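Let me begin by presenting the structure, written as C-alpha cells, before commenting on it.
The values are calculated or read from the model by the stated rules, or taken from the named source; none is laboratory data. Predicted model only: the values in this text are computed from it and were never measured. Cβ coordinates were reconstructed from backbone atoms using ideal geometry, including for glycine residues, and neighbour counts include every protein chain displayed. These accessible areas exclude ligands, DNA and RNA; they are computed on the full protein's heavy atoms, side chains included. Shrake-Rupley method; radii C 1.70, N 1.55, O 1.52, S 1.80 Å.
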Amino acid sequence: MASLPKHADVVIIGQGGIVGASVAHHLIEQGWQNIIGLEKSAIPSDISSTSHASDFCFMTAHDKMSCYTTTYSRRFYEQLGHYSRIGGMEVARVGDDERMEELKRKVGSGKAFGTNVSLIDPAGAKERFPLLEQSAIQGAMWDPDAGLVIPRSQRVAGLLIEEAVASGKLRTFANTPALAVDVQNGRVCGVETRKGYIETPLVVLAAGIWGPLVAEIAGARLPLMPIEHPLLFFGPYDAFAGTGKEIGYPLFRDQGNSSYMRDTGDPTTSEGGQIEWGYYEQVAPRLVHPRDIAEPTEARLSPSMRDLHADQVMHAYERAMEVMPILGDLGWDEKHSFNGLMSITVDGGSLVGESPETRGLWFCEAVWVKDGPGMGKVLADWMTTGRPALDPFGIDIARFYPVQKTPAYVYGRCVETGRKIYNPPVHPREPYENGRNLRRSPFWPREVELGAHFLEAAGWERAHGYAANEHLLDVYRERVPVREAEWDNRHFWRVSNAEHLALSENVGMVNLSHFAIYDVSGPDAEAFMEYLSVAKVGGHQPIGKGVYTHFLDAVGGVRSDLTVIRLAADAYRVVCGGDTGHRDLVWMQRMRKDRGFRVHFEDRSDALATLGLWGPNARTTLQAVADDPTGLDPERFPFATAREIRVRGLPVWAFRISYVGEQGWELYAPFSYGLALWDLLYEQGVTPVGIETYANTRRLEKSLRLQNVDLLTEYNLYEAGLARPKVKAADFHGKAAYVEQREREHQPAYLCTMTLQDNVDANGVARYPVGQWPILDPDTGAVLVDAAGRRSYTTSVVYGPSVGANIALGYLPVEYAQQGRTLTMEYFQEHYPLRVEAVGYRALYDPDNERPKS
C-alpha cells in the first residue's frame, strides 16, 4: 500500500466521482503536477451520485454557462469513445399548452447559446421513438446531440483517474476520507486523514452530497442539500437483444409529468434489457441532511441509493403510461429500484469557485453528469489562469450573501428548487416563496400600506410597483399598453409603467436600499481603489466626487460595474448593485490580501437606507424640506458629487447622480431615520416608484448596461461602449489587456441598442418580450456569430413607455453593428424585425443627457 505523501500542490476530496475525476484531468492538462486525490470509498466511487446516475445528456438550458459545460462535456465524452449520440426529445402533452410554449422557449435558448435543438411534430416524435403514444402529445423538441455516457459515467471516471495516475501527476487514496481541513488565518494549510497529514495550500471539494459536511470542517458553508430522486426499472425488455447497444431509442423526457425514460439496451450490456423511468417529486420532495446519509456498511444498496416507496411515484407513473403504454406492460423490478440521492442548491445552480470564507478551498459541487467534464475544465481554468472562458457569475459560490447560506434558508430554498427541477416551466422573473422577508428596508411598512408588488433580490424585498398608484393609469392609459400574452405579463405590474411616466413629468422616489455599500479606508485606500478602477478615482479627484467605473479581470474582461465616491483623502465609498455586491466585496478583499494593501472595509449595506429622488421637480422638492435650500442649487451642488445635508434635521448623505435619466439625488440615511425621510418626501407629494423603472424600463431607455447581464468577463469595455476617453497613467488591474484592446482597428463585436419594429404575433397579439432570445440574420435565418465565436442574443429587453417601443441590448458582430440596419429577433418561434438604433452607448431617451444635469 502506498504511503500518504507529506505534501501536495492540491488535494481533491471526492476523487472517485465524475466531477473529481474531471477536475484532476483538466488540472493536469493545465500543467499541474503534484495532485493527491482522496475518496471516502472505492475509486471510482461506488457510493456517490455518479455510481447510480442515469448518465444522459441533454444540451439545452436557459443559461449560457450550462449550455457551454454540457456541450463541452458531450464532445469530451465523444472524444474518449464513451458517448452514444442517440438523440433525445422532450414532449408536450395534448392540453399542456404551457409546456409547448416552454419547448419553443428552449429552442430559442438553444439558438442563443449554441445548441442544435428544433421542434418536431407528433409524427416525427413517433418515428424516432416507436414506443410513444402519438395521440397523447401535441409536439416535441428534438435534440440531435443528446445521448448517453457509456457504459457508465462511473467507468469513465475510473478511466480518467487511471490515466491521471499513470501520468505520475495524480496519486489517489481510496477509503481515505478527509477528517479535517487545517485552516490557519483563514487559509488552507493541509488535510488530516487516518493515514496521516498532507500539507497543501489548496483543496478542491468535489464530494457531492457529502460536500456540506466537508465544507463545514474547513470553516465554510455550502448551500446544498441531497434530495431523493425516484428511479424505477421495468422489464425484461429485449428489443435490442443481440445489438450490443447500451441504448437503442432516443432519450425521452416528459417534463410536464416531471419524468424521463430510456431503455438500457442489449440485455448483455452493463444494465441492459430494461426500461428505466425516473421522476422528480413536485409536491413534497424529500430532502436528506448529509449527516443522515447511511454509512456503506449500513445501506441496503449504497449510501446514495435509498429505499423507494411506491406512493412517491404512483400518480406520476399512472400518467406516464398514458404517453408510454409499455410501462404498464412490463414488470416493475422493485428490488433494483431506488431513490437516488443527488445535490440540489438554493438557486438550482452549481457551486464552483473559491470559498469566500476560506482561501485555498475550492468547490466543484452540485454538478450533473452532463456537465462533469465541462465544470472540471471551468474550475481548472479558474484555478490556473484566474478566469474560466465564460463569466462564472451564475455558478460562483461567492454569489451568496452569508444569510443565504444559513440552515433554514438553505432548506426552504432547496425544497422549492427541488419542486421545480422539471416542472413547471420557470419564468425568468419567477419569485421564490421561501427565504422571503429576510432583508427589509425601513420603508417597508409604508410600501406594504401602498400595496407594493414585491419581488426579491439578494434577500431584499423590492417593490416593483404600487397598487396605490393605479390611478396613474387613468392619466397614462394611452401610453401604457396592456400585455395580453400571459407570459409577457407574468410577474409584471402595468402600474409600474405609469409610475415611470409620472416620475419623468414630476418627481418620484425609488427604494434603493438593496444597494451593497462598502466604505474603504486606510493608508493605502487611494492606491488600492486606483489599482482596482479603470477610471481615475484618486489624485486630483476632490473629496465628494463620485466616479462611475469598472473593475476588470486580468485579460480586460468586465468584472464589476459600480460607483466610487471619495469620502476623504484616505477613504472611499463603493456602491454596488445588490445582486453583485457580495462577489464584488469578496474580490476586493482578495485583491487587498494578495497585493498587501493596507485598507479596511466597513459594510454599510444594512446601516444606510437609500432613496432615489428623481424627476424634473426633484430639486425644488428637496429644497422645500432641506435645512439649507440654496446648497442644492446646481452651481453649489454639481452633478456627480456627494455631501452631507440636513433634511428637517435628518442626517442625509446626498449623491447627485441618476440612473433614471432625470435630475435628482440618491439620498442615504441611517436606517433609524429612513422612515422619517420617506414620510417627509411623501408629504411633499412625491410619488413612490417601483424598482421596475430603475432596473428595467428607464435603464434601457437610457441604454445603461447591467453587470452579469449586459456586462460580462467575455466582453471588454470597448465592445460594451464604456471605455474611457483616455487611459489613465496609473496602473490598474487588467491595464495591459485594456490598452491592447484599445489599439485594435475594431472590436469583434459591439453592444448595440435596438428596437422592435413590429411586435404583433401571428395571432394578432402584441408581444412584450421577456428573457434572452437569439438575434438572426434576416436573409439566412442564422444566429449571428462574431469572429471570437460568440453568439448574438438579447442580453436585455423591455418595453420603454417614454419612447413607446420594445428596446433590446445585444452584442452584434462588427459587420452587423451598423446604425439603421434591420435584423431579426426570434421569440417563441416567431420572427420580429429588430432595428439597430445605436452602436455602443447612446441613449434613446434624452440622448445628450441634459435632463440629469439640469
Check your understanding: With r defined as the distance between the Cβ atoms of Glu644 and Glu850 and R0 fixed at 35 Å, what FRET efficiency is calculated, to the nearest 0.05?
Key -> 0.80
Check your understanding: For the stretch 515-548, list residues with backbone N below 17 Å from a point placed 7 Å from the Cα of Gln589 toward its Cβ?
Key -> 516-521
Practice item. Multiply the residue separation of Thr384 and Leu119 by 0.36 nm, subtract the distance between their alpha-carbon atoms, and state the gained length in nm to one decimal. Key: 91.4 nm
Practice item. Give, rounded to the nearest 20 debye, the magnitude of the charge dipole that the stretch 376-434 has about its Cα centre when Lys and Arg contribute +1 at Cβ and Asp and Glu contribute -1 at Cβ. Key: 60 debye
Exercise for review: For the chain, take the alpha-carbon Rg, divide it by the Kirkwood Rh, and send me Rg/Rh.
Suggested key: 0.97
**Study point:** Label-reachable residues, the stretch 283-312, where backbone N falls under 20 Å from a point 7 Å from Glu334's Cα toward its Cβ
**Key:** 300-302, 305-312
Exercise for review: Could you order Glu662, Glu850, Glu430 by accessible surface area, starting with the largest, using a probe radius of 1.4 Å?
Suggested key: Glu850, Glu430, Glu662
Review point. Where does the chain land at 222 nm, in deg cm²/dmol rounded to the nearest 500, when only DSSP H runs of n ≥ 4 count, each adding -39500 (n - 2.57), divided by all residues?
Key: -7000 deg cm²/dmol
Check your understanding: Projected onto the charge dipole of the chain (+1 at Lys/Arg Cβ, -1 at Asp/Glu Cβ, origin at the Cα centre), which of Ala458, Tyr811, Tyr548 gives the Cα projection farthest towards the positive end?
Key -> Tyr548
Check your understanding: Placing +1 at every Lys and Arg Cβ and -1 at every Asp and Glu Cβ, with all other atoms neutral, what dipole size does the stretch 685-812 have around its Cα centre, in debye to the nearest 20?
Key -> 540 debye
Practice item. Among Leu622, Leu562, Ala607, pick out the residue whose Cα is farthest towards the positive end of the charge dipole of the stretch 553-646, where Lys and Arg carry +1 and Asp and Glu carry -1 on C-beta, about the Cα centre. Key: Leu562
Review point. Got a number for carbon plus sulfur as a percent of the chain's accessible area, 1.4 Å probe?
Key: 49 percent
Revision key, fill the gap. With a Förster distance of 30 angstrom and the Cβ-Cβ distance between Arg598 and Val739, calculated FRET efficiency to the nearest 0.05 equals 0.60
Practice item. Within the stretch 1-28, find all residues whose amide N lies under 11 Å from a label point positioned 7 Å from the Cα of Asn34 along Cα-to-beta-carbon. Key: 5-10
Review point. Reachable lysines from Lys40, Cα under 27 Å, same-chain residues fewer than 8 places away excluded?
Key: Lys6, Lys169, Lys195, Lys335, Lys370, Lys377, Lys405
Exercise for review: Would you mind putting 631-641, 684-694 in packing order, based on average other-beta-carbon counts within 10 Å, highest first?
Suggested key: 684-694, 631-641
Point to revise | Computed label-point distance, nm, for sites Asn185 and Ser270 using a 7 Å Cα→Cβ extension | key: 4.7 nm
Point to revise | Residue-span extension gain [Glu433 to Glu295] - 0.36 nm each, minus C-alpha spacing | key: 46.3 nm
Review point. Working out 0.36 nm times the residue gap between Val165 and Glu830, then minus their Cα-Cα distance, what length gain in nm do you get to one decimal?
Key: 234.2 nm
Check your understanding: Could you name the lysines in cross-link range of Lys728, using Cα to Cα under 27 Å and dropping any fewer than eight places away on the same chain?
Key -> Lys536, Lys545, Lys593, Lys702, Lys853
Exercise for review: For the stretch 9-159, report the accessible area per residue in Å² (1.4 Å probe, heavy atoms, rounded to an integer).
Suggested key: 30 Å²
Point to revise | Distance (nanometres) between label positions extended 7 Å along Cα→Cβ at Asp63 and Ala729 | key: 4.4 nm
Exercise for review: Can you figure out the FRET efficiency of Glu683 with Arg319, using R₀ = 45 Å and their beta-carbon distance, to the nearest 0.05?
Suggested key: 0.20
Point to revise | Where labels lie 7 Å past Cα in the beta-carbon direction, separation of Arg479 and Asp761 in nm | key: 2.8 nm
